[in-house]
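Down below is the structure, laid out as structure tokens.
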Amino acid sequence: MYLAMLMHANTRMNLTAIRDEEAAWEKHIFDALTLVPVLAELDDGASVVDIGSGGGLPGIPLAIVMPKVWFTLVDATKKKIEYLDQVIDGLGLKNVRAINARAEGLGADRGEKTPAGRVGGHRAHYDVAMARGVGQIAMLAELTVPLVKIGGLVLMTKGQRAEEELEAAKAALHMLHTNHAGTIETPTGRVVVLEKQRKTPRDYPRRDGEPKRSPLGVGKKDGKKTMGNGQ
Ligand code: SAH
């Protein structure tokens, strides 16, 4: 039913280049489910955020098979969130919410300060952040790492270029106090796993668009600039 909704919405919105349903089963549903072995380690009630979820990938297939985990799907495009709300409603999913926001803004959202401490907020809130097809690792790390708790994981669905991107992201991972925990070979590609070691420095994420325009630690000039940020 999800795939039918995705294919139907794709006729009026650009959600996926794959129009063949058979191929979509493999490239979308099966590919999303390759994250299950990692997420299966989570306790009931754990929270997962899908950054740049677009048509709902990998978030929706995972939410269908893991009803005891909370999923937050985030996308910067309002139209896509309206479609995702219809999917969530249509499928009767009770463990998913869709938010129209940029990851940069959510990563800086510390919630409200109350006498009891801080409540709400997306920063350092999630057990896992994941993303597929949103950008290179150096850039994506800045969008995702601030959202997870210390000890939390970031899962990036990647292809052949995973190693190359990781190499280019070395400085960024260092600045974000995050380790490369491993890369899992799956039948459809690779899943790069990062683990947040310590609190994210308050400079990150930088303002909207900056992580993409000038990825952390990539390129000489920007490397110097970010290194001079008191890190
Ligand atoms: N994950 C989906 C969609 C990938 S397309 C899939 O694998 O099919 C990338 C999506 O990321 C787009 O829908 C775009 O709107 C969203 N996006 C890009 N940058 C973003 C940001 N900074 N914050 C939130 N969403 C973003």
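Across region 33-62, which residue is surrounded by the most Cβ atoms within 10 Å (Cβ to Cβ) among those that are more than 13 Å from the ligand (Cβ to nearest atom), aliphatic (A, V, I, L, M) and more than 15 Å from residue 129 (Cβ to Cβ)? Walk me through it before giving the result.
Within region 33-62, the subset more than 13 Å from the ligand (Cβ to nearest atom) is 33, 36-48.
Adding the requirement that they be aliphatic (A, V, I, L, M) leaves 33, 36, 38-40, 42, 46, 48.
Now drop any that are not more than 15 Å from residue 129 (Cβ to Cβ), which leaves 33, 36, 40.
Working: 33: 18, 36: 13, 40: 10.
Taking the candidates together, the pick is 33.
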| task | Filter region 63-82 down to the residues that are in a helix (DSSP H, G or I) and of a type outside the set (D, E, K, R), then identify the one that is surrounded by the fewest Cβ atoms within 10 Å (Cβ to Cβ). | result | 65
| said: Between a residue in region 72-95 that is closer than 12 Å to residue 1 by Cα and any residue that is modelled with pLDDT of 95 or more and of a type in the set (S, T, N, Q), which pairs come within a Cβ distance under 8 Å, given they are 6 or more apart or on different chains? | reply: none
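Across region 55-92, what is the total count of residues that are at positive phi and touching a helix residue (DSSP H, G or I) at 6+ places or on another chain (Cβ under 6 Å)?
Initial filter on region 55-92 (at positive phi): 56, 92.
Retained after the next criterion (residues that are touching a helix residue (DSSP H, G or I) at 6+ places or on another chain (Cβ under 6 Å)): 56.
Total satisfying the criteria: 1.
If you check 34, 77, which single one turns out to be more than 25 Å from residue 196 (Cβ to Cβ) and among the polar types (S, T, N, Q)? Let's see the steps before the verdict.
Values: 34 fails: more than 25 Å from residue 196 (Cβ to Cβ).
Among 34, 77, only 77 is more than 25 Å from residue 196 (Cβ to Cβ) and among the polar types (S, T, N, Q).
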| query | Can you find even one residue in region 119-129 that is closer than 16 Å to residue 32 by Cα and within 12 Å of the ligand (Cβ to nearest atom)? | reply | yes
| remark: residue 201: passes all of (1) of a type outside the set (S, T, N, Q); (2) more than 16 Å from the ligand (Cβ to nearest atom); (3) more than 18 Å from residue 103 (Cα to Cα) but (3)
| request: Could you list all residues from region 11-24 that are touching a Leu at 6+ places or on another chain (Cβ under 7 Å) and part of a helix (DSSP H, G or I)? | output: 21, 24
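Of all residues being of a type in the set (D, E, K, R) and farther than 13 Å from residue 217 by Cα in region 130-178, which is nearest to the ligand (Cβ to nearest atom)? Just the residue, please. Walk me through how you get there before you give the answer.
Within region 130-178, the first condition is being of a type in the set (D, E, K, R), and the residues that meet it are 132, 142, 149, 158, 161, 163-165, 167, 170.
Pick out the ones that are also farther than 13 Å from residue 217 by Cα and you get 132, 149, 158, 161, 163-164.
Numbers: 132: 4, 149: 20, 158: 11, 161: 15, 163: 20, 164: 20 Å.
It comes out as 132.
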| Got at least one residue in region 112-127 being surrounded by fewer than 13 Cβ atoms within 10 Å (Cβ to Cβ) and within 18 Å of the chain's Cα centre (by Cα)? | no
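The values are calculated or read from the model by the stated rules, or taken from the named source; none is laboratory data. Everything quoted here is computed from the prediction, not taken from an experiment. Here the Cβ is made from the backbone with ideal geometry for all residues, glycine too, and neighbour counts use every protein chain on show.
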